[in-house]
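Before any comments, here is the structure.
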Amino acid sequence: MLHLSMLYVSLRCMKNDSRYQKIQREPEYLDSKGVEEIFGIKRSLCYELMKGDLIKSISLVREKDKKTRGKRLFEVKSIREYLKSQMALTKPITHNIT
């Protein structure tokens, strides 16, 4: 029983630790790999949705390197809103149980 109480105390301390809370928060922006990992949306669809103004993104480019490519990040909030809008368009599946 001693081991379980020690585990409980350490878990409780972790939850109060600001470093742990930072890890647990959802990011505001993700790169295409992160979007695919979390939402299952591949890079090409991310860019298609971005070009259609269906999701928001930003490109991080250094001021002196404007001719080179930057890092594209997609806004998580806009992805969630897009997915919710798609769910609203689909009809719910009903099961007829007799």
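The values are calculated or read from the model by the stated rules, or taken from the named source; none is laboratory data. The shown structure was predicted, so the numbers you read here are calculated from the model rather than taken from an experiment. Here Cβ is always computed from backbone atoms with ideal geometry, including for glycine, and neighbour counts include all displayed protein chains.
If the condition is being in contact (Cβ under 8 Å) with a residue 24 or more places away in the chain and surrounded by fewer than 14 Cβ atoms within 10 Å (Cβ to Cβ), then segment 24-37 contributes GLU26, PRO27, GLU28.
Scanning segment 52-71 for residues that are modelled with pLDDT under 95 and of a type in the set (Lys, Arg) turns up ARG62, LYS64, LYS66, LYS67, ARG69, LYS71. Under the condition of being outside any helix (DSSP H, G or I), of a type outside the set (Val, Ile, Thr) and surrounded by fewer than 14 Cβ atoms within 10 Å (Cβ to Cβ), the residues counted in segment 38-84 number 12.
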